[in-house]
Amino acid sequence: MKNIINVKHPLLQNLVTKLRDINTNSYDFRKYLSEVGRILLVEALKDETLKEKEVQIWVGNYRFPVLDEEKYVFIPILRAGLPMLDGVLEMIPLARSGFLAIKRNEETLESILYYDRVPPLKGKTAIILDPMVATGGSLDYAISVIKEKNPERIISLNVIGAPEGLNRISKKHPDVKVFIAQIDEKLNDKGYIIPGIGDAGDRAFNTE
Ligand code: URA
């Protein structure tokens, strides 16, 4: 699984434990997802190439490195990916955002796309935001939909994954770099990650 990068950092582990805690309310849950997203983004872009820009500073005009912020398109997978968007947009405020809504048929676990509002991706870096990689079905599907839009590259930021889903992504999309905070043990027979955090969408938006 060469393209799966398990980002190990005490701050991430601490946040994941807070997400697991069933006494974490939905407000805090969203906040922790957002913080995990931000830390993963920092890691994902650590070797990014910068361009130069002339900046007027207190002693005159100097050239300094800047990120080409408009090159990035964040694509949260609704609904659980939404809270991660806040964190990453704080880091790259001029990035664009696009939205994909994918649900799964709870019986067959098959993925269904029901909303696609992604801006043009040609020449862009598409960054998928999706907390859970369980069977990998929705991430696999999202990557396929995004690939059809011809981005320059695709990165995926995820919070918790099961080996089954990560293996699937690694085999099917070895060109996509996946940055993930935690790889858990397994899936249960309903396709939920064990120990996991439960249903991330329900926990983030206080639904059942
Ligand atoms: N989706 C979730 O929100 N949680 C899981 O454990 C698996 C899929």
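For the chain, a simple Cβ point-charge model (Lys and Arg +1, Asp and Glu -1, everything else neutral) yields a dipole of about 420 debye relative to the Cα centre. Suppose we look only past 15 Å in the calculated P(r) of region 144-198. What percent of the Cα-Cα pairs does that tail hold? Roughly 53 percent, rounded to a whole number.
Quick one: helix 163-172 against the long Cα principal axis of the chain, what's the angle to the nearest 10°, folded into 0 to 90? The angle comes out near 50 degrees.
How are the alpha carbon pair distances in the chain distributed across 10 Å bins from zero to the largest one, expressed in percent? All Cα pairs, binned at 10 Å, distribute as 8, 36, 36, 14, 5, 1, 0 percent. For an R0 of 22 angstrom, estimate the FRET efficiency from the Cβ-Cβ distance between Lys122 and Val145 and round to the nearest 0.05. Rounded to the nearest 0.05, the efficiency is 0.90.
Between Met1 and Asp199, what length comes free when the chain is fully extended (0.36 nm per residue of separation minus the Cα-Cα distance, one decimal in nm)?
Roughly 68.7 nm would be gained on extension.
For the pair region 1-64 / region 161-195, the C-alpha centres are spaced 21 Å from each other. Angle of helix 26-44 to the longest C-alpha principal axis of the chain, folded into 0 to 90 degrees and rounded to 10: 50°. Cross-link partners of Lys186 among lysines, defined as those whose alpha carbon lies under 25 angstrom from its own and excluding same-chain residues fewer than eight positions apart: Lys2, Lys8, Lys18, Lys103, Lys171, Lys172, Lys177. Each Lys and Arg Cβ is given +1 and each Asp and Glu Cβ -1; about its Cα centre, region 17-132 then shows a dipole of about 160 debye.
For region 39-130, the list of trypsin sites (Lys or Arg not before Pro) that fall in a loop by DSSP and count at most 14 other C-beta atoms within 10 angstrom reads Lys46. Adding -39500 (n - 2.57) for every DSSP H run of four residues or longer, then dividing by how many residues the chain holds, sets the calculated 222 nm ellipticity at -10000 deg cm²/dmol.
Read the figures in this text as sums done on the coordinates, not as results from a lab. Nothing here was measured: the structure is a model prediction, and the numbers come from that model. Positions of Cβ are backbone-derived with ideal geometry, glycine not excepted, and every protein chain shown enters the neighbour counts.
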